[in-house]
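Colleague: Dumping the structure here so I can ask a few things about it.
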Ligand code: MRU
């Protein structure tokens, strides 16, 4: 997407042909910093410490990490070792495992001498495929927005609430939850987005709000607890969120707090949609609450908040007593029964085993 008239993806191959440039999202919205990453260790740090984040982008970054390793050592042992190192960086987003598996499957069957070049090519393809998947998610989601817009009075916006950042920053480009919003804007449909701040790391306030502002999407930042109130007062027409892992039966794991939004949406008759590319579906898992590992991150993310002070310096401040321990489960699971529909690249699926397998018949019978 464009930032100040320049087109950016979140990650791209450096002009040296082997290292990787990425937007270091820790500094947004205050600074747009691009880092060049030159080793597998640095790739692992960038994922673990959330220079990059968002399920699809985590997967693409890891794919480039595999390519970097193949350049140094293309043996089977090195391939397995880099899989292990990168896989443990973030436990919840299934796109990480999906991308690592895709790379390993592809490279294993090649002679070692061909692996490095093939790895960079496959990583670039995974990045390009992500952009295409998101465009298609946008087209299907746009149809839903169009229908809601058709029931509105002239000039009245479609009010959309979103949680966390499932925007272009969470993917290679376009985003998942934001893709239909950007396409609706392009089509001249009036939209307005309620952006949940998304504590503790504030991906809504820092990233989604930055995206919305940058692309001229009318939006309002709200605290995480405002959603229920807004829905009770008819101020939200639909919720669209992303997901880090969706089960074969349609349970949706996403940023902590998503479940409460889904409950409020159900209580108020507001449609609750989840936008996802198929690599986010974990066909091996059925019951999301019982089976999806939930990342527990440092309590410092709860007790310390990043911001820009009056001198223009970006720094952290403590908001709780030093002695108070903080818990930080990073994701929760919204049961399929609370999900109105799953917006995928192939269309909108019912959040159920039948719904998903009707769109992805190649996974029928998968366990
Ligand atoms: O912890 P994060 O910032 O990686 O969490 C991101 C989310 O929860 C997104 O909603 C999800 O990855 C979908 S991104 C298209």
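Colleague: Extending each Cα 7 Å along its Cβ direction at residue 298 and residue 223, get the distance between those two points in nm, one decimal.
Modeller: Simple spin-label model gives 2.6 nm for this pair.
Colleague: Taking the chain as a Gaussian network, where each spring joins two C-alpha atoms under 10 Å apart, which residue of 313, 209, 78 fluctuates the most?
Modeller: 313
Colleague: Still on this structure, please answer the following. Using Stokes-Einstein with the Kirkwood hydrodynamic radius over Cα pairs, what translational diffusion coefficient do you get for the stretch 234-333 at 20 °C and a viscosity of 1.002 mPa s, in µm²/s rounded to a whole number?
Modeller: The diffusion coefficient I find is 135 µm²/s.
Colleague: Oh, and also: Name the shape class, rounded, prolate or oblate, that the alpha-carbon gyration tensor gives for the stretch 2-129, where a ≥ b ≥ c are the square roots of its eigenvalues, rounded holds for a/c under 1.5, and otherwise prolate holds if a/b is larger than b/c and oblate otherwise.
Modeller: Working: a/c = 1.96, a/b = 1.56, b/c = 1.26.
It comes out prolate by the Cα gyration axes.
Colleague: Determine the relative contact order of the chain: mean sequence separation of Cα pairs under 8 Å and six or more apart, normalised by residue count, in whole percent. Let's see the in-between values first.
Modeller: Details: 745 pairs, mean separation 56.4, N = 367.
Relative contact order here is 15 percent.
Colleague: Now for a different question. What does the extension gain come out to for residue 284 and residue 110, with contour length at 0.36 nm per residue minus their alpha carbon separation?
Modeller: Length gained between residue 284 and residue 110: 59.9 nm.
Colleague: Kindly identify the stretch 164-297 as rounded, prolate or oblate by the Cα gyration tensor criterion: order the square roots of the eigenvalues as a ≥ b ≥ c, call it rounded if a/c is under 1.5, otherwise compare a/b with b/c, prolate if a/b is larger, else oblate.
Modeller: Details: a/c = 1.58, a/b = 1.31, b/c = 1.20.
Prolate, because a/c is 1.5 or more and a/b exceeds b/c.
Colleague: Evaluate the distance, in nm, between pseudo-label points positioned 7 Å from the Cα of residue 49 and of residue 232 along their respective Cα→Cβ axes.
Modeller: The answer from the label model is 4.3 nm.
Colleague: How far, in nm, would the chain grow between residue 311 and residue 27 when pulled straight, counting 0.36 nm per residue and subtracting the alpha carbon separation? Mind dumping the intermediate values first?
Modeller: On the way: separation 284, 0.36 × 284 = 102.24 nm, distance 1.58 nm.
Once the chain is fully extended between residue 311 and residue 27, it gains 100.7 nm.
Colleague: While we're here: Calculate the FRET efficiency for residue 5 and residue 101 from the Cβ-Cβ distance with a Förster distance of 30 Å, rounded to the nearest 0.05.
Modeller: Working from the Cβ atoms, E equals 0.20.
Colleague: With labels modelled as points extended 7 Å from the Cα through the Cβ direction, what inter-label distance (nm, one decimal) is found for residue 71 paired with residue 322?
Modeller: The two pseudo-label positions are separated by 4.4 nm.
Colleague: Okay, next question. Considering only the chain, what is the antiparallel percent among its DSSP beta bridges, to the nearest 5?
Modeller: Restricted to the chain, the bridges split so that about 55 percent are antiparallel.
Colleague: In addition: Add -39500 (n - 2.57) for each DSSP H run of 4 or more in the chain, then divide by its residues: what number comes out at 222 nm, to the nearest 500 deg cm²/dmol?
Modeller: Only helices count here, giving -11500 deg cm²/dmol.
Colleague: Enumerate the whole-percent occupancy of each 20 Å bin, from 0 to the last occupied one, for all C-alpha pair distances of the chain.
Modeller: Taking all Cα pairs of the chain, the binned fractions are 30, 59, 11, 0 percent.
Colleague: Calculate the tail of P(r) for the stretch 204-250: the fraction of all Cα-Cα distances greater than 15 Å, expressed in %.
Modeller: 60 percent
Colleague: Under the Kirkwood approximation for Rh and a Cα-based Rg, what ratio Rg/Rh is obtained for the stretch 120-208? Show your work: numbers first, answer last.
Modeller: Numbers: Rg = 14.5 Å, Rh = 13.9 Å.
Result for the stretch 120-208 is an Rg/Rh of 1.04.
Colleague: Using only the alpha-carbon atoms, how far is helix 112-150 inclined from the longest principal axis of the chain? Give it as 0 to 90 degrees, nearest 10.
Modeller: Helix 112-150 sits roughly 10 degrees off the main axis of the chain.
Colleague: Neighbour counts of other C-beta atoms within 10 Å: give me 263, 79 arranged from fewest to most. All intermediate terms of the calculation are to be shown ahead of the outcome.
Modeller: Values: 263 16, 79 21.
Result, fewest neighbours first: 263, 79.
None of the figures in this text is laboratory data; all of them are computed from the coordinates on show. Quick caveat: nothing in here was measured; it's all calculated off a predicted structure. All Cβ positions, even for glycine, are placed from backbone atoms using ideal geometry, and neighbour counts span all protein chains on display.
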